[in-house]
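Student: Quick one: the structure is below, and I'll ask about it shortly.
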Amino acid sequence: MSGGGEKGTGTTKTPADFLKSIRGRPVVVKLNSGVDYRGILACLDGYMNIAMEQTEEYVNGQLKNKYGDAFIRGNNVLYISTTRRNLADGA
Amino acid sequence: MLFFSYFKELVGREVTVELKNDLAIRGTLHSVDQYLNIKLENTRVVDQEKYPHMLSVRNCFIRGSVVRYVQLPPEGVDVELLHDATRREARGG
Amino acid sequence: MASEEESAVKEPLDLIRLSLDERIYVKLRSDRELRGKLHAYDQHLNMILGDVEEVVTSIEIDDETYEEIVRTTKRNVPFLFVRGDGVILVSPPLRTA
């Protein structure tokens, strides 16, 4: 913890550190297909396989599906980005 | 290793292999290797109307990576055995 | 709770492990979806599913109006081996706690 971090993410030095630091946080995961998944990142592994909770699937910006838990196979992942939680979801 | 072992036990049974290009081939499983490459004998293409050029193909080697599905014979599926093998595999990493 | 260790989700594949012998939803490449009971899987997400329903979604263009027509084709298969490289997403049944 060397301070200067942005919005509670903490200062991260490497991509791997970033991935470690975002567990439990709301994220958006974009796949190569362009589909977005928004939810809470439960955990991830070295292949970028991802487990998410309260997952919402967006195709062309439209909500298409909801999953309680979701496993995403890492090879499909384009990026993982942290988000602020939707206002509607509250705490 | 789980599925390699499983398919080895399935040798001699009739299966339908569905490829990523939508071709479906039914035949007797002759052999399988660690990449899940598959050799089928006495083959016939499920939709012969659509793939007439496959009519004379009697056996074939299928590269594992082009497989989408394999339809399995119910007699060739021991659910309890699969559960045990899967748990063992999961523990092993 | 003796199974505290067993039921914890520490890595993504644990989500799949906990779904063994449960009905799961699988989203595959080329607009395919499966629902079936998970009987076996490995680290590549190769799977054997039982009592499977496959839904294939295709979009056709109407010859005259050029409207997009979404068509879904369903079929049932008793037992299916699914090669892992086509898997995009797996969703277990809703778990309580």
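Values in this text are rule-based calculations from the coordinates and carry no lab data. Just so it is clear, the model here is predicted, and its values are computed rather than measured. Positions of Cβ are backbone-derived with ideal geometry, glycine not excepted, and every protein chain shown enters the neighbour counts.
Student: What ranking do A:83, B:86 get, fewest neighbouring Cβ atoms within 10 angstrom at the top?
Tutor: Least crowded to most crowded, the residues run A:83, B:86.
Student: Taking the simple approach of a point 7 Å from Cα along Cα-to-Cβ for both residue B:42 and residue A:33, what is their distance in nm?
Tutor: Each label point lies 7 Å from its Cα, and together they span 3.8 nm.
Student: Something else about it: Expressed as a fraction of 2.2 N^0.38 Å, the rule-of-thumb size for a compact globular protein of N residues, what is the C-alpha radius of gyration of the protein assembly as shown?
Tutor: 1.13
Student: Rounded to the nearest 20 Debye, what is the dipole magnitude of the protein assembly as shown about its Cα centre when Lys and Arg each give +1 and Asp and Glu each give -1 at the C-beta?
Tutor: That gives a dipole near 680 debye.
Student: Turning to a different aspect of this structure: Starting from the 7 Å offset along Cα-to-Cβ, what nm value, one decimal, do you get for the label separation of residue B:59 and residue C:18?
Tutor: Label-label distance for residue B:59 and residue C:18, simple model: 4.8 nm.
Student: Give me the aspartates and glutamates in straight-line cross-link reach of residue C:10: C-alpha distance below 12 Å, same-chain residues under 8 apart excluded.
Tutor: A:45
Student: Quick one: dipole size for segment C:12-90, taken about the Cα centre, charges +1 on Lys/Arg Cβ and -1 on Asp/Glu Cβ, in debye to the nearest 20.
Tutor: Around 520 debye, computed over segment C:12-90.
Student: May I ask which of A:66/B:20; B:39/C:27; A:30/C:27 have a Cα-Cα span longer than 19 Å here?
Tutor: Correct reply: A:66/B:20; B:39/C:27.
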